[in-house]
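Here's the structure we're looking at; comments come further down.
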Amino acid sequence: MNVVMIGSGYVGLVSGACFAEFGANVTCIDVDQSKIERLEAGQIPIYEPGLDDLVARNVTAGRLHFTTDYDPAIGAADLVFIAVGTPTRRGDGHADLVYVYEAARQIARHLSGYTVIVDKSTVPVGTARQVARVISGEKPDADFDVASNPEFLREGAAIGDFMRPDRVVLGVESDRAEKLLRELYRPINLIEAPILVTNLESAELVKYASNAFLATKISFINEIANLCEAVGADVHAVAKGMGMDKRIGGKFLHPGPGYGGSCFPKDTTALIRIAQEHGASCRIVEATVEVNAAQKARMIKKIREALGGSESGKTIAILGLTFKPETDDMRDSPSLAIIPNLIDKGAVIRAHDPQGSEEARRFLPAEVNYFDDLYAAVTGADAVVLMTEWNEYRGMSLEQVGELMKGSVFVDLRNVYEPESMTSRGFSYFGVGR
Ligand SMILES: NC(=O)c1ccc[n+]([C@@H]2O[C@H](COP(=O)([O-])OP(=O)(O)OC[C@H]3O[C@@H](n4cnc5c(N)ncnc54)[C@H](O)[C@@H]3O)[C@@H](O)[C@H]2O)c1
């Protein structure tokens with residue numbers, strides 16, 4: 001089976017490599033020439049555990065190819081996946097579909113024989129049908145079907161999620177297209193992962209509704225954490241007690257500095273716009289977004305209060321910059337909201353991240369000082385702020401950290417450590433919701 005992946009970013013590259021691992025002949029296309037050159041040279045442009053081996057293995061086996069050229073791969077393809085970015089459109093919060101429609105136009109020009117064009121990007125309801133109109137407009141005699149196959153992988157665990165998904169969602173309305181998609185996903189059927197087949201609109205909405213629900217769980221527990229601080233409860237005990245109820249489930253009930261990343265912020269905003277456009281209300285998601293912004297502001301206040309009321313002239317070591325561990329993705333990371341604010345208030349920032357520093361330099365103010373070694377970062381600091389729960393920080397020597405710091409303030413925005421044990425080690429410890 002010949003598969004083309006348009007867009008070789010987090011989703012396109014992982015999905016392409018995994019389909020190749022399933023046995024398909026996959027061509028990953030990207031307009032970014034330098035990205036394709038790196039891939040052709042055997043370099044992986046993103047940090048994702050296991051991706052380098054997976055790509056290398058499938059390139060060597062002759063099943064995975066990279067190119068900037070739509071021709072001839074599209075003409076030979078049975079299935080073409082669109083996995084380009086759908087960022088927030090400036091000004092109005094809608095998902096920006098320019099890359100999707102540009103990809104559709106280019107696909108249309110090179111189509112030959114029956115082809116299924118599948119949206120893997122997260123796109124608003126109605127996009128698959130619009131892609132079909134774009135293709136027909138560009139090439140009226142094209143023989144094709146459109147389908148929606150939203151992706152649920154998590155950065156940092158992307159390969160496992162793709163290979164062993166909780167479910168595969170297929171929005172597809174022709175038997176011929178469904179047959180091809182089922183054939184492509186056959187290996188996951190063998191491990192009995194469920195495949196949900198539905199219409200185009202429902203498949204498109206499953207993705208937004210899922211992300212908005214997960215974001216809501218995070219904002220919910222963050223509000224409960226704030227209440228815990230006010231009443232003297234421990235949010236971990238509360239979350240554990242809630243999660244033991246199978247109807248609620250324990251996942252995504254971990255308080256922190258607010259959600260970030262390439263999906264939740266943009267997908268919640270886009271869902272609100274989709275609802276507005278169709279005259280439906282989406283008040284819970286609106287509150288989720290508001291609570292998330294407030295949580296980031298609350299973390300800035302927490303750091304300030306931990307420092308005795310002012311960041312001015314204080315040296316703060318930040319441990320972790322990415323929005324979560326095991327990725328170098330900095331998109332909408334809480335650190336991007338928190339660090340510039342601390343700098344504005346006169347703090348000196350010493351930052352460490354196991355994988356994200358290079359990306360972070362593109363987004364954070366030039367004043368940030370980066371260190372490859374976490375112990376170098378904490379040296380001379382008045383306060384340490386643990387921003388991302390990388391394993392490296394779970395395993396670090398607190399004794400050494402305490403000795404190297406100038407002060408003793410430890411703000412743990414991920415509740416990695418136990419308050420009592422930190423206090424007994426001499427730290428002035430602040431967690432979230434406990
Ligand atoms: N990152 C995630 O964890 C994740 C998870 C699930 C779904 N998604 C969704 O998947 C989509 C892609 O996300 P991503 O994080 O992989 O984005 P990304 O920015 O990492 O990658 C997108 C790639 O598409 C390329 N591109 C843009 N226009 C193109 C064109 N016309 N032809 C060929 N290539 C083109 C870009 O150069 C870029 O390399 C988004 O809709 C996102 O919401 C992302």
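The values are calculated or read from the model by the stated rules, or taken from the named source; none is laboratory data. Everything numeric in this text was worked out from a predicted model, so none of it was measured. Heads up, the Cβs are rebuilt from the backbone with ideal geometry, glycines too, and the neighbour counts pull from every protein chain shown.
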Original post:
Is it true that some residue in the stretch 288-296 is in contact (Cβ under 8 Å) with a residue 40 or more places away in the chain, away from the ligand (no atom under 16 Å from the Cβ) and not in a helix (DSSP H, G or I)?
Top reply: no
Original post:
Just checking, how many residues over the stretch 356-379 are within 22 Å of the chain's Cα centre (by Cα) and among the charged types (D, E, K, R)?
Top reply: 4
Original post:
Residues in the stretch 254-261: is at least one under 30 Å from A351 (Cβ atoms), outside any loop (DSSP other than H, G, I, E, B) and modelled with pLDDT of 95 or more?
Top reply: no
Subject >> Output for the stretch 244-260, where each listed residue is of a type in the set (G, A, S) and either free of Cβ contacts under 8 Å to residues at least 24 places away in the same chain or in contact with a strand residue (DSSP E or B) (Cβ under 7 Å, 6 or more places away or on another chain) (or both) >> reply: G249, G250
**OP:** Please identify the pairs in which a residue from the stretch 343-360 that is of a type in the set (S, T, Y) has its Cβ atom under 9 Å from the Cβ atom of a residue that is outside any strand (DSSP E or B), counting only partners at least 6 apart or on another chain.
**Re:** S357/L321; S357/D328; S357/F371; S357/D372
Subject >> Test for K301: is it closer than 25 Å to A239 by Cα, part of a helix (DSSP H, G or I) and touching a helix residue (DSSP H, G or I) at 6+ places or on another chain (Cβ under 7 Å) >> reply: no
Original post:
Can you pull out the residues in the stretch 89-126 that are at pLDDT below 95 and touching an Asp or Glu at 6+ places or on another chain (Cβ under 7 Å)?
Top reply: R89
**OP:** Search the stretch 265-287 for residues being under 14 Å from I218 (Cα atoms) and in contact (Cβ under 8 Å) with a residue 60 or more places away in the chain, and hand back the single one that is nearest to the ligand (Cβ to nearest atom).
**Re:** P265
**OP:** Look at V231 and say whether it is farther than 30 Å from T127 by Cα and among the aliphatic types (A, V, I, L, M).
**Re:** yes
Original post:
Is the stretch 18-37 home to any residue that is in contact with a Phe, Trp or Tyr (Cβ under 6 Å, 6 or more places away or on another chain), more than 11 Å from the ligand (Cβ to nearest atom) and touching a residue at least 24 places away in the same chain (Cβ under 8 Å)?
Top reply: yes
**OP:** Find all pairs meeting these conditions: Cβ atoms under 7 angstrom apart; at least six residues apart or on different chains; first residue within the stretch 63-76 and over 14 Å from I117 (Cβ atoms); second residue among the polar types (S, T, N, Q) and at pLDDT 95 or above.
**Re:** R63/N25; L64/N58; H65/T27; F66/S8; T67/T27; T68/Q33; A76/N2
